[in-house]
Amino acid sequence: GRIGINSADKKTIKSRQSDIFWTPIIQEALRQNRLFLVFQPVVELNNGTISHYEVLLRMRSDGKIILPNVFIPVAERTGLIQAIDLWVIENTIDFLAALPSHRAYVSVAIKLSASSLDYSDLLETIQGKLELTWLEANRLMFEIAETAVTDNFERTLDMVNKLRGLGCKIAMKMGNTGFYFQDHLKTFPVDYIKFDGQLIKHWISDENDQLLLKSMVDVVRKLGKKAIFVYVETPGAVLKLRDVGVT
């Protein structure tokens, strides 16, 4: 026979090792309710008020807090991501429903994985949970990645239309390049466009890139949508975003 030799440094080997290590930990976290949510405010630049909150996920393991960049890729590769998405949705709705009446204005954005868009019971689960808790659907926004649109346009469009039919809002996160930006912006029914943080870091320091960024912001506004920028980490970045019309 033949002998195959692989380097332990190969990306596929490292991914497989990570899957073997983290999969039982994720499964136990789901069973033992060791996942928890944190809420990041999305702020209006023109007046400092909070528009809504972005739902972020964390996991507890051996007394430590594990960030999603560690376990979410494993969940996506092993098929556990649908269970995690459903956990996030159900617990977020429960959290909103439990807020006192004077907090009834609070709304949140939940990231949906591409594979969860294939889950046949996703819409029914969301609708049932909303009815059970008497929560207004417009307090939920679901964020999808641009790649979900490019990989399966018809499937994603169908789910987005159904979620909007419930009364939920939709945000689409653009990739680093924004290659399909104008096509998707014109044809896809979303309320918010979320620009990747790397886009800001790469573009905000170059005048030509700032002109391109301004044109993208102008298109978003003229089409009646709103733009969200993440990883805005310095006062200088805030000022430059204001200069190109970001609110």
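The values are calculated or read from the model by the stated rules, or taken from the named source; none is laboratory data. For clarity, every value in this text was computed on a predicted model and none was experimentally measured. In this analysis, Cβ positions are derived from the backbone assuming ideal geometry, glycine residues included, and neighbour counts consider all displayed protein chains. Side chains are part of the model used for accessible areas, which takes the heavy atoms of the whole protein and leaves out ligands, DNA and RNA. Shrake-Rupley method; radii C 1.70, N 1.55, O 1.52, S 1.80 Å.
Has the range 48-57 got at least one residue that is assigned to a helix (DSSP H, G or I), within 24 Å of the chain's Cα centre (by Cα) and in contact (Cβ under 8 Å) with a residue 12 or more places away in the chain? Working first, answer last.
Restricting attention to the range 48-57, the residues satisfying the condition of being assigned to a helix (DSSP H, G or I) are none.
No, the range 48-57 contains no residue that is assigned to a helix (DSSP H, G or I), within 24 Å of the chain's Cα centre (by Cα) and in contact (Cβ under 8 Å) with a residue 12 or more places away in the chain.
Might you check whether a residue that is touching a Ser or Thr at 6+ places or on another chain (Cβ under 8 Å) and open to solvent by 90 Å² or more (accessible area, probe 1.4 Å) occurs anywhere in the range 79-99?
Among the residues of the range 79-99, not one is touching a Ser or Thr at 6+ places or on another chain (Cβ under 8 Å) and open to solvent by 90 Å² or more (accessible area, probe 1.4 Å), which makes the answer no.
Mind listing whichever residues of the range 29-43 are surrounded by 12 or more Cβ atoms within 10 Å (Cβ to Cβ) and among the charged types (D, E, K, R)?
Initially, the range 29-43 is screened for residues surrounded by 12 or more Cβ atoms within 10 Å (Cβ to Cβ), giving 29-30, 34-37, 39-40, 42-43.
Within the range 29-43, just R34 meets the criteria.
Just checking, how many residues over the range 59-78 are open to solvent by 40 Å² or more (accessible area, probe 1.4 Å) and under 15 Å from T23 (Cβ atoms)?
The qualifying residues number 5.
Considering only the range 140-153, how many residues are out of contact with any Lys or Arg (no Cβ under 9 Å at 6 or more places or on another chain) and either open to solvent by less than 20 Å² (accessible area, probe 1.4 Å) or farther than 18 Å from L185 by Cβ (or both)?
Qualifying residue count for the region: 2.
Can you report the number of residues in the range 186-219 which are open to solvent by 60 Å² or more (accessible area, probe 1.4 Å) and aliphatic (A, V, I, L, M)?
Count: 2.
Looking at (1) in contact with an Asp or Glu (Cβ under 8 Å, 6 or more places away or on another chain); (2) modelled with pLDDT of 95 or more, which one does S116 not meet, given that it meets all the others?
(2)
Quick one: which of L45, L30 is over 17 Å from the mean Cα position of the chain (by Cα) and not in a helix (DSSP H, G or I)?
L45
Do we find that K222 is open to solvent by 80 Å² or more (accessible area, probe 1.4 Å), of a type outside the set (A, V, I, L, M) and over 20 Å from A109 (Cβ atoms) in this structure? Talk me through it step by step, then tell me what you get.
Working: open to solvent by 80 Å² or more (accessible area, probe 1.4 Å): yes; of a type outside the set (A, V, I, L, M): yes; over 20 Å from A109 (Cβ atoms): yes.
Yes; evaluated as a whole, the condition is true for this residue.
Inspect all residues belonging to the range 91-102 and state whether any of them is within 30 Å of T133 (Cβ to Cβ) and in a loop (DSSP other than H, G, I, E, B). Write out each step before concluding.
Taking the range 91-102 first, the residues within 30 Å of T133 (Cβ to Cβ) are 91-102.
Retained after the next criterion (residues that are in a loop (DSSP other than H, G, I, E, B)): 99-100.
Yes, the conditions are met somewhere in the range 91-102.
How do the pairs read when you match residues in the range 1-30 that are at pLDDT below 75 with residues anywhere that are not β-branched (V, I, T), using Cβ under 9 Å and keeping only pairs 6 or more apart or on different chains?
A8/K14; A8/Q17
Scan the range 206-247 residue by residue and report those that are more than 20 Å from P41 (Cβ to Cβ), aliphatic (A, V, I, L, M) and part of a loop (DSSP other than H, G, I, E, B).
Answer for the range 206-247, where residues must be more than 20 Å from P41 (Cβ to Cβ), aliphatic (A, V, I, L, M) and part of a loop (DSSP other than H, G, I, E, B): L223, V244.
Across the range 100-136, what is the total count of residues that are surrounded by 18 or more Cβ atoms within 10 Å (Cβ to Cβ), among the aliphatic types (A, V, I, L, M) and touching a helix residue (DSSP H, G or I) at 6+ places or on another chain (Cβ under 9 Å)?
8
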